[in-house]
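Notes for the one structure printed next.
Read the figures in this text as sums done on the coordinates, not as results from a lab. No experiment lies behind these values; they were computed from the predicted model shown. Positions of Cβ are generated from backbone atoms using ideal geometry, with glycine treated the same way; all protein chains shown enter the neighbour counts.
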Amino acid sequence: MTRRDRSPEFDAGFKKKFRELVEWRRDVRRFRVEPVDRALLHDLVALATRAPSVGFSQPWRFVSVESHARRTAIAENFAKANRMALDGYVGDRRARYARLKLEGLTRSPVHLAVFADDGVTAGAGLGRQTMPETIRYSVVAAVHTFWLAARCEGLGVGWVSILDPIAATSALDVPATWSLVAYLCVGWPQEEHDDPELERLGWQAREPSGSALLVR
Ligand SMILES: Cc1cc2nc3c(=O)[nH]c(=O)nc-3n(C[C@H](O)[C@H](O)[C@H](O)COP(=O)(O)O)c2cc1C
């Protein structure tokens, strides 16, 4: 058993930097063609596994997708899902959707598929009897930890969800109890921005943060 007498001190400089990191994080979809050191990737994934998880179930499963054939299957999967999404819009929205860049699959050196293991036995079911979806929430917590940690290293991370998850899961040949939570493109950013691309391109403005907390 390890017990600390005192919590670590996060000074004003750290807090300022932490806020800067959270505000600057960005979803990155444009990458330089430059490899990412495998040891760095391992380190970031290891840090991501320090995220909270329901019942300490640690249900995240990270897969580095490296095979050309599997990457091609994912790119084709995206193209199909994106065409279907486009068909769901009409008029000006459709024209604007068609102009968006919604993935960085072709140039990112790292493709990281992140799964939730619904068959996980760790945690003995604690905390998820009434809310089984907390398994997936736990994986999202790990993804966000990975995202922030990667940005700290200067890496860019882009989340691609315009995918048929069943087809993507089968293309990656993982155990049947795993379900896809996130498909991440990771690499060195070609450019940096202070604002989300969707805001910059007039798709969606940021909601006022004052409305984020209600009181009942
Ligand atoms: C669950 C999730 C799924 C996302 N899927 C996509 C996607 O398929 N394509 C895309 O371009 N961005 C995707 N994004 C990124 C969002 O568009 C982005 O986070 C949002 O526009 C805010 O921009 P920012 O992350 O730069 O602050 C996704 C983000 C999340 C959290």
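Per-structure values
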{"item": "Loop sites in segment 82-188: trypsin sites (Lys or Arg not before Pro), DSSP, at most 16 other Cβ within 10 Å", "result": "Lys101, Arg107"}
{"item": "Descending principal axes extents, the chain, alpha-carbon based, whole Å", "result": "60, 46, 43"}
{"item": "Separation between Cα centres of segment 65-101 and segment 156-216, rounded to whole Å", "result": "14"}
{"item": "Normalised convex hull volume, segment 29-124, alpha-carbon set, Å³ per residue", "result": "149"}
{"item": "Rounded to the nearest 20 debye, dipole of segment 124-216 from Cβ charges on Lys, Arg, Asp, Glu", "result": "500"}
{"item": "Nearest-0.05 FRET efficiency for Phe10 and Leu201, computed from C-beta distance (R0 41 Å)", "result": "0.70"}
{"item": "Potential lengthening between Ala69 and Phe18 on full extension [0.36 nm per residue; Cα-Cα distance subtracted]", "result": "14.5 nm"}
{"item": "Segment Asp173-Thr49, extension gain: residue separation times 0.36 nm, minus the distance between their alpha carbons", "result": "42.4 nm"}
{"item": "Only Lys, Arg (+1) and Asp, Glu (-1) charged, at Cβ; the chain dipole about Cα centre in debye", "result": "240"}
{"item": "Net charge of Cβ neighbours under 15 Å - reference Glu9; Lys, Arg +1; Asp, Glu -1", "result": "+3"}
{"item": "Cα-based convex hull volume of segment 112-216 per residue, rounded to whole Å³", "result": "178"}
{"item": "Mean separation of Cα contacts under 8 Å (6+ apart) over length of the chain, as relative contact order %", "result": "34"}
{"item": "For the chain, with +1 on Lys and Arg beta carbons and -1 on Asp and Glu, the positive-most of Val143, Ala81, Trp24 along the dipole", "result": "Trp24"}
{"item": "Segment 149-195: C-alpha gyration tensor shape, a/c 1.5 cut-off, then a/b vs b/c", "result": "prolate"}
{"item": "For segment 34-77: rounded, prolate or oblate by the Cα gyration tensor [a/c cutoff 1.5]", "result": "oblate"}
